[in-house]
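Asker: I am attaching a structure below and will ask some questions about it afterwards.
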Amino acid sequence: MGRIICCGLGPGNPDLMSVRADREVRAAKHVAYFRKKGRAGQARRIVDGLLAKDVCEYPMEYPVTTEIAFDSPEYVGLLTGFYDEWAERLARIARAADIVVLCEGDPYFYGSFMHLRARLQRRVEIEVIAGIPGMAGCWNSVGLPIALGDDVMTVLMGTLSEHELEQRARNSDALVIMKTGRNLKKVRRALAAAGRLGEAWLIERGTMPAERVARLKDVDETECPYFAVVLVHGRGRRIEAAE
């Protein structure tokens with residue numbers, strides 16, 4: 001009986017993989033990874049040059065990404081079938097050998113593998129290897145502490161309503177906004193309404209070769225890749241008040 005080993009690969013730069021993840025990736029005989037149809041897949045790019053020559057690869061291609069609304073019944077149905085199918089396939093492979101599933105960032109932090117894990121529990125042995133979350137790589141690229149002292153940090157999805165984004169921005173010190181992409185205009189409006197736009201940074205492809213770090217107010221809001229995060233740093237106000 002083999003295992004399913006989900007390796008967190010970190011934010012994008014292979015140098016930021018853990019020693020343990022690097023070891024498992026290099027030794028793997030079977031490797032699976034998510035990707036959009038027609039694309040190489042970010043997780044696969046991170047391990048390029050690390051895999052054994054005789055490795056068997058299993059690209060798990062999403063049936064849909066942004067083509068239809070993520071909260072529509074059609075979207076939910078397609079993704080449910082996709083995860084059901086791949087859970088079965090991975091379980092079959094794991095009956096005979098270990099299989100490594102690649103995951104950007106940390107698997108337990110919004111990782112797609114968690115949808116498979118929910119279906120595979122109590123069926124096969126599963127091991128999850130932690131990775132540096134993508135947002136940590138991004139705030140290190142800015143070079144400022146994301147939070148200090150008693151700062152409250154909130155992680156938001158750009159898919160939330162503009163009203164909720166604005167309210168959360170008003171009520172938190174530090175902000176991490178993921179899933180910006182085509183939601184960037186909405187995110188920008190919400191931050192402006194909350195009086196936080198001047199503090200916001202946009203980090204595109206954090207830690208990767210094409211990384212870009214810029215003030216959000218200075219960025220052309222019509223262009224934003226999928227791998228982009230908006231950050232608003234905490235102010236450490238309580239520390240300053242105590243001093």
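Asker: Ignoring ligands, DNA and RNA, what percent of the 1.4 Å accessible area of segment 68-217 is carbon and sulfur?
Answerer: 51 percent
Asker: Near K29, which lysines are there with a Cα under 16 Å away, not counting those fewer than 8 places off in the same chain?
Answerer: Here the lysines satisfying the reach criterion relative to K29 are K53.
Asker: Among the lysines, select those whose C-alpha is under 22 Å from the C-alpha of K179, and discard any that sit fewer than 8 residues away in the same chain.
Answerer: Within the straight-line cut-off, K179 pairs with K36, K37, K217.
Asker: Find the relative contact order for segment 89-243 and round it to a whole percent, using C-alpha pairs within less than 8 Å whose residues are 6+ positions apart.
Answerer: 23 percent
Asker: What does the accessible area of H115 come to, in Å² to the nearest 10, when a probe of 1.4 Å is used?
Answerer: 90 Å²
Asker: Per residue, how many Å² of accessible area does segment 93-243 show with a 1.4 Å probe? Could you put the intermediate results ahead of the total?
Answerer: Values: 7530 Å² over 151 residues.
Accessible area per residue: 50 Å².
Asker: Let me cross-check D48: its accessible surface, 1.4 Å probe, with only protein heavy atoms counted, in Å² to the nearest 10?
Answerer: For D48, the solvent-accessible surface is approximately 110 Å².
Asker: Around Y58, which amide H atoms from residues at least 5 apart in sequence, or from another chain, sit under 5 Å from its own amide H, with H modelled in the peptide plane?
Answerer: V31, A32, Y33
Asker: On to the next question. Go through segment 108-118 residue by residue and turn each phi into a ³J(HN,Hα) via Karplus (6.51, -1.76, 1.60, θ = phi - 60°); whole Hz please, and just put x for glycine and proline.
Answerer: Computed from phi, the couplings for segment 108-118 are 7, 10, 6, x, 5, 4, 4, 5, 6, 4, 4 Hz.
Asker: Continuing with this model, one more query. Among residues other than M17 whose Cβ falls under 14 Å from its Cβ, what is the net charge (Lys/Arg +1, Asp/Glu -1)?
Answerer: Values: positive: R20, R23, R26, R44, R45; negative: D15, D22, E24, D48, E104, D106.
Once all neighbours under 14 Å are counted, the net charge is -1.
Asker: Pull up all non-local amide H partners of D98: gap of 5 or more, or a different chain, and H-to-H distance under 5 Å with H placed in the peptide plane.
Answerer: For D98, the qualifying residues are R3.
Asker: Mind listing the phi-derived Karplus ³J(HN,Hα) values for segment 180-195, rounded to whole Hz, using 6.51, -1.76 and 1.60 with θ = phi - 60°, and x for any glycine or proline?
Answerer: 6, x, 6, 8, 4, 4, 5, 4, 5, 5, 5, 5, 5, 5, 8, x
Asker: Give me the percent of Cα-Cα pairs in segment 174-224 that sit more than 16 Å apart, rounded to a whole number.
Answerer: For segment 174-224, the fraction of Cα-Cα distances above 16 Å is 35 percent.
Asker: For segment 96-166, what class follows from the C-alpha gyration tensor (a ≥ b ≥ c being the square roots of its eigenvalues): rounded when a/c is under 1.5, otherwise prolate if a/b is larger than b/c, else oblate?
Answerer: prolate
Asker: If you don't mind, there's one more thing I want to ask. Give me Rg over Rh for the chain, both radii from the alpha carbons and Rh done the Kirkwood way, two decimal places.
Answerer: Checking Rg against Rh, the ratio lands at 1.00.
Asker: Where the centroid of each part is defined by its Cα atoms, how far is segment 1-53 from segment 90-153 in Å?
Answerer: 12 Å
Asker: Let me ask something additional. Where both partners of a DSSP beta bridge lie in the chain, what percent of those bridges are antiparallel, to the nearest 5?
Answerer: Percent antiparallel among DSSP bridges in the chain is about 35.
Asker: So what does D54 come to for accessible area, using a 1.4 Å probe and Å² rounded to 10?
Answerer: Around 100 Å² of this residue is reachable by solvent.
The values are calculated or read from the model by the stated rules, or taken from the named source; none is laboratory data. As the structure is a prediction and not an experimental result, all values here were calculated from the model. Note: ideal-geometry Cβ built from the backbone for every residue, glycine included; neighbour counts use all protein chains shown. To get the accessible areas, we keep the full protein, side chains included, count just its heavy atoms, and leave off ligands, DNA and RNA. Shrake-Rupley method; radii C 1.70, N 1.55, O 1.52, S 1.80 Å.
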